[in-house]
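This report concerns only the one structure given below.
The values are calculated or read from the model by the stated rules, or taken from the named source; none is laboratory data. Since this is a predicted model, take the numbers as computed values, not measurements. Don't worry about glycine lacking a Cβ; one is built from the backbone with ideal geometry, like all the others, and counts go over all protein chains shown. Side chains included, ligands, DNA and RNA excluded: accessible areas come from the protein's heavy atoms. Shrake-Rupley method; radii C 1.70, N 1.55, O 1.52, S 1.80 Å.
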Amino acid sequence: MGFCVAVSHGHGHGLGLSSSLLHARQLSSSSSKSTLFTGFPLHGKEFRPRQQLLVYAKRVSGLEEALRIRRERELQGTEKFRRPPPLRRGKVSPRLPVPDHIPKPPYLDSNILPEISSEFQIHDAEGIARMRASGELAARVLNYAGTLVRPSVTTDEIDKAVHQMIIEAGAYPSPLGYGGFPKSVCTSVNECMCHGIPDSRQLQNGDIINIDVTVYLNGYHGDTSRTFLCGDVSGPLKRLVQITEECLEKGIAVCKDGTGFKKIGKRISEHAEKYGYGVVERFVGHGVGTVFHSEPIIFHHRNDGPGVMVEGQTFTIEPILTLGGIECTTWPDNWTTLTSDGSPAAQFEHTILITRTGAEILTKCEESNL
């Protein structure tokens, strides 16, 4: 389960996150422009000469135009892409109960969105074992949720099934009550980038749906998501889903002790651009463990972010790709975020453990494809 970033440009290049979903706002000044989005507080600056920023902006503008043309050509190919009707909010059922005996995360004491922890989560042998257990459970739950995806099923029904499986395993569904989130899983359909709230809407033939599962087991969070196909899905959408999964795999492949975090975004962007897809910049991966969201912040696009990976560290990688633009709009519920142009989006996510020679995927089980 990712969160949003805000990018500012002025004499330098800054990155920031707002402190509450309930108080997102825009700020501007004569020397810089900054948009604060819903998410967590994050502060940092990477200074660059103004001339470099101008050259970089010009280069990206040309690249974006080339990608836009390529996408249009693909959609005009042998199989015409028919955009489904826009998403509409359905009815959200009451919050589901969790038995008293199940340990609960500390953020349930408040509906205010927690601030992101500045502590990197690096584990000893016992912590790694617990992370493996929570990750394996999250993977099993996600696999089960995927078997429920078919036309006429509601996302609320998927949420209820996921909720029941998690509590039967003695775990807590991490999204439930996090910053006031009302459900146990995120279900993001078609143009919904992420954080979709399960409701009464029935899945339609040809939809794609990302299901984002996080479990809190024995004091540790395991976080994973996958985009599933519902019924007979068009070729362009299948390709988007496939390439998004490949981007996650390529991002994980560069990870090991001592590697810079920025290499993840570089590798993901290189692969996505080959197929003309946009890589969403606003939502990022994050450290995960005893705390749901912490440093490091994982950008999925090209960036000059600092820091290197350390053996024993755990974090998520969760790229979102779109068939169109990467700008987004959030519904009044302060969670559901859609592409501004209505183009479909796909996302995949794993929690990984950094090792001396590579990365271990924690959110996988025997039935998993990865």
- line: Under the 7 Å Cα-to-Cβ spin-label approximation, residue 218 and residue 355 lie apart by a distance in nanometres of 1.9 nm
Length gained when the stretch residue 239-residue 125 is fully extended (0.36 nm per residue, less Cα-Cα span): 37.1 nm
field: Distance in nm between pseudo-label sites at residue 365 and residue 256 (7 Å out along the Cβ direction from Cα)
entry: 3.1 nm
task: Can you tell me which of 115-124, 220-229, 128-137 comes out highest on packing, and rank the rest after it, using the mean Cβ neighbours within 10 Å?
output: 220-229, 128-137, 115-124
field: Probe 1.4 Å, protein heavy atoms only - accessible area per residue of segment 143-246 in square angstrom
entry: 27 Å²
query: residue 273 accessible area, nearest 10 Å², 1.4 Å probe?
result: 50 Å²
query: Residues with beta-carbon under 9 Å from that of residue 341, excluding residue 341: net charge, scoring Lys, Arg +1 and Asp, Glu -1?
result: -2
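Report the calculated FRET efficiency for residue 88 and residue 327 (r = Cβ-Cβ distance, R0 = 22 Å), to the nearest 0.05.
0.60
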- prompt: Using every alpha carbon pair in segment 276-338, what percent of pairs falls into each 5 Å bin from 0 up to the bin containing the largest distance?
  reply: 4, 16, 20, 21, 19, 12, 6, 2, 0
- request: Work through the residues other than residue 318 whose Cβ is under 10 Å from its Cβ and net out their charges, Lys, Arg +1 and Asp, Glu -1.
  value: -3
statement: Between the modelled labels at residue 147 and residue 168 (7 Å from Cα along Cα→Cβ) the distance in nm is 1.0 nm
statement: Among 183/274; 183/263; 256/364, the pairs whose Cα-Cα distance exceeds 25 Å are 183/274; 183/263
Neighbour net charge for residue 181 - beta-carbon separation under 10 angstrom, K R +1, D E -1: +1
- request: Using a 1.4 Å probe and ignoring any ligands, DNA or RNA, find the accessible area of residue 364 and quote it in Å² to the nearest 10.
  value: 80 Å²
